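Written below as structure tokens is the structure these notes are about.
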Amino acid sequence: MLTNVDAKRGRSLSGDYITGTAHAATLSSAMNDFHEALTFRWRELVVQRIQAVEDFPTRVRRSVSAANHVPLWDHLSAPAVHHLRGAGGGCAYVAWVEGGQEGSLGGVTCDGKTGVTDEEGVEVMGPNGRMETVPPFIECGMGQILGEVENWAWGEREYTYYELPLFDTQDMGAINDAYDTFIAVGGQLGLEAGSGSGSDVGSFTPVSERELVGKAEDLSGARAQGQDWWAGWTGLAASRAKAGFFDSVTPTTNNQSGMVGCLANLYAARGAIIEKGRNDSLYWIQWATKSLKETQAISTDLVAGWKVMQGIGSAIAISGGWTVAGGAIGASIALVGFCGENLLPSVKTEGYAHDLVAVVEKLNTKVTELNTELDTMETEYTGEVNNLQSTVFGIHSFNLELYDLTQNNPGGDDHGADDYTANVENILKIGQTCYEAGEFYDGLWPRIAQTSDADAHLTDKDGAATAGDTALLELRTMFEGFVKTACGRYLVAGDQTVAAAEDYAQVESDQQGAYERIMDDWEEAGVGDHDSSLNPGQEADATDRGDYDPYADHPALGGADPGAATGDGEDYETDADTPN
């Protein structure tokens, strides 16, 4: 018998699931158990019907053709009737079946006695109204019929197996790891489990204790230094009246945390579809097997019942976007958990049936219903991926990956004017915070990139990536790009801030001492010595994400308002937008 030692149940924080990357073998092993039980029960039925002189089924769903049709022994002939039911007859095969089918069919032999003592035989009326001769012994054909039963059962096994949703090679552990990564990254960005989250999702570190959120809060208030100074001495703003770099920090953090929370939910949805398909297939095979033969050993006893699946659209509801968490930084999302109660809220069981035909029919009906349900889930899943794609495409780059300071003169627009007032110590604190935020981001993007380990496992029951899977991977890659761009822009902002502070201290002599003292401390502490594997300047530059153009609705070109996602209604400008 084929078994699959790779199959077992894994566990996430929220729920459990079937692991293994050869699930077709697990299903095949389960169907072998079903075949064995069906053969056992079918042989019992055949003997019961023959003894009662009744017809017996030779097929339920399997196809029958001239190629696989085998003529059966005529058990209704007069010699066969005397052998099977005569006073002096008796069939060893019947006795074997009625005795529990111990041992193999091949080990049974029958002498074919009919109870007739006359060596010449006796003449009796046969079932067709004609006289037949019944000899003392005949060639018993019950072994041939019972042997064919195994073939009939195999035909039913094959018919059902090829209708099963396989979900063969998907590594649920890899998808779960990707989900956990998105949740962890979201936590760094201020993600909160919003209303409707499953009780099994777990909890995040309080926002006040998340360092990156603290950096974002510090930088989002940095405009108080004076927009005039930033526009004059750095590339962090191109206008004294319009939004610049610091105004983009909060919406960028909020939207990135919302997006990654949605990515986690969508990976969970794909995982739930796989688990539903795997679990329920095994359950109904197991149910049918036990219905046919309660004592049948189950080689793939991995399931307790069939799983009820919540509608993906109602559980995730991405089309509504996300809301800002209780604090100023971070998004609030209803998180569904991985194979948890929000998507797979309950497990149910079914009482065993006993009629052979009814059991086989119900198994096939349940497989058909499962495939239909899975198709509906796939459609809902793809719809929610498309909703996230539409939501992201509707958010301006300013609110997704920070203000593009590379479009400005890094030295500002009025470098060296003598009417600026600024404090070098405060300026360098902001620069240091930019570096620290960039370094945090530099630790996030490799983790996001690592989720590509799950790419090959985002597939449907046939192992093919759907349109939803492909779009989801594109969104994941896009999110990685947003994080890399934000990393580069934070680090470039830090460089520009330090350079501006140095130039400003040379103009304002009373600031020179503070600048030199702080820079000495920085050198000792290694502040600003970022060793990112990224090229910050390259990553910070204007982005091109294929079909997605983050500048398609550039506000300077009369497009969408970049502050719309935050409700602040601010417009912004770069040097590249200003006519010469």
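The values are calculated or read from the model by the stated rules, or taken from the named source; none is laboratory data. Predicted model, so just to flag it, every value in this text is computed and none were measured. Glycine also receives a Cβ, built like all others from the backbone with ideal geometry; neighbour counts cover every protein chain displayed. The accessibility values were calculated without ligands, DNA or RNA, using every heavy atom of the protein model including side chains. Shrake-Rupley method; radii C 1.70, N 1.55, O 1.52, S 1.80 Å.
Please determine, in degrees from 0 to 90 and to the nearest 10, the orientation of helix 424-450 with respect to the longest principal axis defined by the Cα atoms of the chain, where the helix direction is its Cα long axis.
Compared with the principal axis, the helix lies near 20 degrees.
Enter the per residue convex hull volume of the range 418-512, computed from alpha-carbon coordinates, in Å³ rounded to the nearest integer.
Spelled out: Cα convex hull of the range 418-512, divided by residues, is 91 Å³.
Is there a quick way to get the dipole size of the chain? I mean about its Cα centre, with the Cβ of Lys and Arg at +1 and of Asp and Glu at -1; what is the value in debye to the nearest 20?
With only Lys, Arg, Asp and Glu charged at Cβ, the dipole is about 3200 debye.
Determine the share of the chain's accessible area contributed by carbon and sulfur atoms, expressed in whole percent, with a 1.4 angstrom probe.
Looking at the chain in its full context, I get 47 percent from C and S.
Just to be sure I understand: of the beta bridges DSSP finds with both ends in the chain, what percent are antiparallel, rounded to 5?
Roughly 85 percent of the beta bridges in the chain run antiparallel, per DSSP.
What whole-number value in cubic angstrom gives the convex hull volume per residue for the C-alpha atoms of the range 24-163?
123 Å³
Pop a pseudo-label 7 angstrom from the Cα along the beta-carbon direction at both Ala499 and Tyr162 and give the gap in nm to one decimal.
6.9 nm
Taking the Cα centroid of the range 266-332 and of the range 466-493, what is the distance between the two, rounded to the nearest whole Å?
28 Å
Using Cα atoms only, what is the angle between the long axis of helix 172-188 and the major principal axis of the chain, expressed in degrees (0 to 90) to the nearest 10?
Result, in degrees: 20.
So which lysines pass the test for Lys366, namely a Cα distance under 29 Å, with those fewer than 8 places away in the same chain ruled out?
Lys8, Lys276, Lys290, Lys293, Lys307, Lys348, Lys461
If you bin every alpha carbon distance in the range 108-262 into 5 Å steps from zero, what whole percent lands in each bin?
1, 7, 8, 9, 7, 6, 6, 5, 4, 4, 3, 3, 3, 3, 4, 4, 4, 4, 3, 3, 2, 2, 2, 1, 0
Return the long-range amide H neighbours of Ala243 (sequence gap of 5 or more, or a different chain), with a cut-off of under 5 Å between placed amide H atoms.
Hits under the 5 Å cutoff: Asp571, Tyr572, Glu573.
Using only the alpha-carbon atoms, what does the chain span along each of its principal axes? Please give whole angstrom values in decreasing order.
Principal-axis extents of the chain (Cα, largest first): 134, 47, 36 Å.
Quick one: which of 296-304, 166-174 comes out on top by average Cβ neighbours within 10 Å, and what's the full order, highest first?
Result, highest mean first: 166-174, 296-304.
Please identify the cysteines of the chain that lack any partner cysteine with a Cβ under 4.7 Å from their own Cβ.
Cys91, Cys262, Cys339, Cys434, Cys487
Write down the accessible area per residue of the chain in Å², having rolled a 1.4 Å probe over the full set of protein chains.
41 Å²
Sort 112-121, 376-385 for me by packing, meaning the mean count of neighbouring Cβ atoms within 10 Å per residue, highest on top.
Per-residue mean Cβ counts within 10 Å order the peptides as 376-385, 112-121.
I'd like the orientation of helix 356-393 relative to the chain: the angle between its Cα long axis and the longest Cα principal axis, in ° from 0 to 90, rounded to 10.
10 degrees
With runs of 4+ DSSP H residues as the only contributors, calculate the mean residue ellipticity of the chain at 222 nm using -39,500 (n - 2.57) per run, divided by the residue total and rounded to the nearest 500. Intermediate results must be reported in sequence, preceding the final value.
Details: 14 runs with 272 residues, N = 580.
Rounded to the nearest 500, the figure is -16000 deg cm²/dmol.
To the nearest 0.05, what FRET efficiency results for Ser203 and Gln101 with a Förster distance of 60 Å applied to their C-beta separation? Let's see the in-between values first.
Working: r = 56 Å, r/R0 = 0.94.
Between Ser203 and Gln101 the formula returns 0.60.
Using the per-residue mean of other Cβ atoms lying within 10 Å as a proxy for protection, in what order, highest first, do the peptides 352-360, 126-134, 282-290 fall?
Peptide ranking by packing, descending: 282-290, 352-360, 126-134.
Over the chain, what is the relative contact order in whole percent, taking alpha-carbon pairs under 8 Å and six or more residues apart?
With pairs under 8 Å counted, the relative contact order is 18 percent.
What list of ³J(HN,Hα) values in whole Hz, one per residue of the range 148-153 in order, does the Karplus curve 6.51 cos²θ - 1.76 cosθ + 1.60 (θ = phi - 60°) give from phi, with Gly and Pro shown as x?
5, 4, 4, 5, 4, 5
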